[in-house]
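Trainee: Structure in structure tokens, see below.
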There are 2 protein chains.
Amino acid sequence: MSSANPKQALFAQFAAVAKALAHEHRLELIEHLAQGERSVERVAELSHVSVANASQHLQRLRRAGLVASRRDGKHVLYRLADDAVVTLLAALRSIAERSLGEVEKVVSGYFRRRDELEPVSRADLVRRLKDGSVTLLDVRPEDEFGLGHLPDAINIPFRELEKRLAELPKRREIVAYCRGPYCVLSFEAVAALRQRGFKARRLEDGLPEWRAAGLPVIAPAPGRG
Amino acid sequence: MSSANPKQALFAQFAAVAKALAHEHRLELIEHLAQGERSVERVAELSHVSVANASQHLQRLRRAGLVASRRDGKHVLYRLADDAVVTLLAALRSIAERSLGEVEKVVSGYFRRRDELEPVSRADLVRRLKDGSVTLLDVRPEDEFGLGHLPDAINIPFRELEKRLAELPKRREIVAYCRGPYCVLSFEAVAALRQRGFKARRLEDGLPEWRAAGLPVIAPAPGRG
DNA sequence: ATATCGTTCAAACGAATAATTGAACGATCT
DNA sequence: AGATCGTTCAATTATTCGTTTGAACGATAT
């Protein structure tokens with residue numbers, strides 16, 4: 001009987017955050033911002049929406065406290081306000097995966113034979129990096145690598161992978177990672193590497209999850225900040 | 001370049017779950033269902049909405065895979081589809097607390113002097129229960145206790161607390177819990193008990209969080225199921 | 001200053017969502 | 001069968017949300 005009014009206010013605030021997440025474009029914007037700071041124009045382009053539209057969605061996210069922004073010359077750079085946002089997205093994903101059969105289908109259909117590729121967990125990777133028994137490969141585009149990457153990772157964007165196979169060890173196991181659980185780059189990379197006779201596996205997570213877990217990330221050189 | 005279409009579908013599914021959460025009434029309905037199975041009429045009453053309205057909200061939640069329902073005679077009983085829903089709500093709460101200043105104010109204002117009451121963590125409680133050094137007190141209404149409660153807990157609804165102080169130990173520490181982090185019952189109970197000279201603290205979480213963590217819960221007698 | 005470029009604002013329209021009402025449905029009891 | 005009670009459905013209205021358009025703003029660069 002006690003908590004009528006303030007409780008309402010509380011739920012209203014929680015709902016405000018949920019509302020901010022409740023649009024596919026905004027979720028995609030967040031995923032891109034999870035890779036690092038981005039200008040409005042850039043995320044608009046990555047998400048295939050108009051600049052004006054992206055701008056409004058980003059402002060909505062900012063009002064909800066999910067992202068923050070700063071000005072850098074002509075550009076306004078947006079970023080996640082908090083790594084906990086990645087955790088929230090992971091929880092959302094977990095529910096969607098568990099309860100919605102369709103997602104399962106999409107995942108297992110498009111991200112083919114997911115299990116066959118035996119993903120490596122974060123904890124495993126940490127161990128293997130310590131004893132030096134793996135080579136860590138970041139297959140994202142060069143600019144995203146520049147915005148932050150895992151320690152000891154080498155960067156060969158997926159598109160250049162075939163040309164640059166010589167840079168990779170033939171015997172040692174290779175662990176590839178990219179943006180996150182639903183980014184296809186590392187799937188494709190592992191498949192390609194295996195076909196060429198390399199020993200390759202995927203990291204289960206991407207950079208944002210790694211960072212959200214509090215593990216060290218090589219930050220960008222503080223150039224234009 | 002690779003993941004245009006299926007990615008969209010994925011984000012659309014995630015957004016569907018977020019949309020289901022994006023209404024304060026639905027969040028409140030979920031909180032009540034987190035206590036255990038409830039009829040439409042009952043959650044409508046608890047949430048102060050009309051039955052028809054609650055029914056529609058509940059169906060929306062069901063479509064999103066967040067809750068499930070079954071028929072029991074005249075009644076339709078709803079429950080959470082998955083304990084992971086509690087985890088998702090916790091993530092939502094954590095973001096809202098961190099990023100929205102207003103929630104902080106509400107919390108520290110209404111749930112007064114939260115820190116002074118030194119909440120007990122789940123892990124702590126498990127340890128203390130093992131060595132038998134605490135009495136565990138459930139201050140929720142009797143019917144909610146009946147729908148599920150922590151092992152070894154005794155039930156004294158908050159409204160009866162003053163009348164039934166004799167049932168509580170004077171020396172041993174008492175740990176009180178209720179519905180969850182934003183339920184006031186345990187705050188009030190601890191304050192009241194301390195004023196009477198009892199040694200009392202709050203459990204940090206409520207029943208739903210306990211259950212979601214995979215810890216054992218005394219289930220209701222399978223009477224009308 | 002003027003031009004240019006990235007971002008935001010304001011207005012407008014169509015689409016989706018929420019709450020209310022009263023009727024319909026389903027199960028139980030007499 | 002008929003009555004009753006809890007739940008759902010269908011239709012309505014008010015409100016909110018999403019996208020587009022074109023203008024306005026702010027920070028360079030010439």
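Trainee: At 1.4 Å probe size, with the rest of the protein present, what percent of the exposed accessible area of the range A:4-82 is carbon and sulfur atoms?
Mentor: Here it works out to 48 percent.
Trainee: No solvent, one uniform scatterer per C-alpha: report log10 I(q)/I(0) for the range A:111-212 via the Debye equation at q = 0.23 1/Å, two decimals.
Mentor: -1.36
Trainee: Still on this model: Mind listing the label-point distances from B:R172 to the same position on all other copies, shortest first, one decimal in nm, points 7 Å along Cα→Cβ?
Mentor: Ordered by distance, the counterparts are at 5.9 nm.
Trainee: Further, regarding this structure: Could you tell me the extents of the protein assembly as shown's C-alpha atoms along the three principal axes, largest first, rounded to whole Å?
Mentor: Sorted largest first, the three principal extents are 80, 49, 48 Å.
Trainee: While we're here: Can you tell me the 0 to 90 degree angle between the C-alpha axis of helix B:24-33 and the longest principal axis of chain B, rounded to 10?
Mentor: 60 degrees
Trainee: Given H placed on each backbone N at 1.01 Å, which residues far from B:A200 in sequence or on other chains put an amide H within less than 5 Å of it?
Mentor: B:I174
Trainee: Can you pull a Stokes-Einstein diffusion coefficient for the range A:4-82 at 4 °C (1.567 mPa s), Rh from Kirkwood over Cα pairs, as a whole number of µm²/s?
Mentor: On the way: Rh = 12.9 Å.
The estimated diffusion coefficient comes to 100 µm²/s.
Trainee: Mind listing the Cα extents of the range B:134-180 along all three principal axes, in Å, largest one first?
Mentor: Here the spans come out as 29, 21, 16 Å, largest first.
Trainee: At 7 angstrom along the Cα-to-beta-carbon line, where would the label on B:E160 sit relative to the other copies? Give the distances in nm, shortest first.
Mentor: Here B:E160 shows inter-copy label distances of 7.3 nm.
Trainee: Rg/Rh for the range B:154-225 to two decimals, with Rh computed the Kirkwood way over all alpha-carbon pairs.
Mentor: Here Rg/Rh amounts to 1.02.
Trainee: Please list B:137-146, B:75-84, B:123-132, B:21-30 highest first by mean number of surrounding beta-carbon atoms within 10 Å per residue.
Mentor: Numbers: B:137-146: 20.1, B:75-84: 18.2, B:123-132: 13.2, B:21-30: 22.6.
Packing order, densest peptide first, comes out as B:21-30, B:137-146, B:75-84, B:123-132.
Trainee: Rounded to the nearest 10 degrees, what's the angle between the helix B:4-21 long axis and the longest principal axis of chain B, both from Cα atoms, 0 to 90?
Mentor: Relative to chain B, helix B:4-21 is tipped by roughly 40 degrees.
Trainee: Order A:T135, A:T87 by their accessible area, 1.4 angstrom probe, all chains in place, largest first.
Mentor: A:T87, A:T135
Trainee: Let me ask you something else. Determine the share of the range B:111-212's accessible area contributed by carbon and sulfur atoms, expressed in whole percent, with a 1.4 angstrom probe.
Mentor: Values: 2230 of 4710 Å².
C and S fraction of accessible area: 47 percent.
Trainee: What is the Cα centroid distance between the range A:167-200 and the range B:120-159, reported in whole angstrom?
Mentor: 50 Å
Trainee: Take peptide A:22-35, look around each residue's Cβ out to 10 angstrom, count Cβ atoms belonging to other protein chains, and average those counts.
Mentor: For this peptide, the per-residue mean of nearby foreign Cβ atoms is 4.
Trainee: For the pairs B:K163/B:K199; A:K130/A:K199; A:K199/B:K7, flag any whose C-alpha to C-alpha distance is greater than 22 Å.
Mentor: As for pairs spanning more than 22 Å Cα to Cα, those are A:K199/B:K7.
Trainee: Placing the label point 7 Å from Cα along the Cα-to-Cβ direction, what are the distances from B:D83 to the equivalent spots in the other copies, shortest first, in nm to one decimal?
Mentor: 2.7
Trainee: Can I ask one more? About its Cα centre, how strong a charge dipole does the range A:111-212 have in debye, to the nearest 20, once Lys and Arg get +1 and Asp and Glu get -1 at the Cβ?
Mentor: Around 380 debye, computed over the range A:111-212.
Trainee: Lys and Arg at +1, Asp and Glu at -1: add these up for the other residues within a Cβ distance under 11 Å of B:R60 and post the number. Intermediate results must be reported in sequence, preceding the final value.
Mentor: Working: positive: B:K19, B:R26, B:R62, B:R63; negative: none.
Summing Lys and Arg as +1 and Asp and Glu as -1 gives +4.
Trainee: In the protein assembly as shown, what percentage of the DSSP-assigned beta bridges are antiparallel, given to the nearest 5?
Mentor: The antiparallel proportion sits near 45 percent.
Trainee: If you restrict to DSSP beta bridges whose two residues both lie in chain A, what percentage is antiparallel, to the nearest 5?
Mentor: 45 percent
Trainee: Would you tell me the mean number of C-beta atoms belonging to other protein chains that fall within 10 Å of each C-beta in A:83-90, as a whole number?
Mentor: Other-chain Cβ atoms within 10 Å of each residue's Cβ, averaged: 4.
Trainee: How long are the three semi-axes of the equivalent ellipsoid of chain A, in whole Å, if each is the root of 5 times an eigenvalue of the C-alpha gyration tensor, listed from largest down?
Mentor: Largest first, chain A gives 33, 22, 17 Å.
Trainee: Given a 1.4 Å probe, how much area per residue of chain A is accessible, in Å²?
Mentor: Averaged over the residues of chain A, the accessible area is 47 Å².
Trainee: Quick one: net charge around A:Y78, please, counting Lys, Arg +1 and Asp, Glu -1 for every other residue with C-beta under 9 Å from its C-beta.
Mentor: That works out to +3.
Trainee: Nearest 100 Å², what total accessible surface is buried between chain B and chain A (probe 1.4 Å)? Before the final figure, lay out each step's value.
Mentor: Values: alone 12890 and 12930 Å², together 21230 Å².
Summing both chains' loss of accessible area gives about 4600 Å².
Trainee: Could I ask something else about it? As a test question: what accessible area, to the nearest 10 Å², does B:E162 have when a 1.4 Å probe is rolled over all protein chains in place?
Mentor: 120 Å²
The values are calculated or read from the model by the stated rules, or taken from the named source; none is laboratory data. None of the values given here were measured: they were computed from a predicted structure. Ideal geometry is used to build each Cβ from the backbone, glycine not excepted, and the neighbour counts take in all protein chains shown. These accessible areas exclude ligands, DNA and RNA; they are computed on the full protein's heavy atoms, side chains included. Shrake-Rupley method; radii C 1.70, N 1.55, O 1.52, S 1.80 Å.
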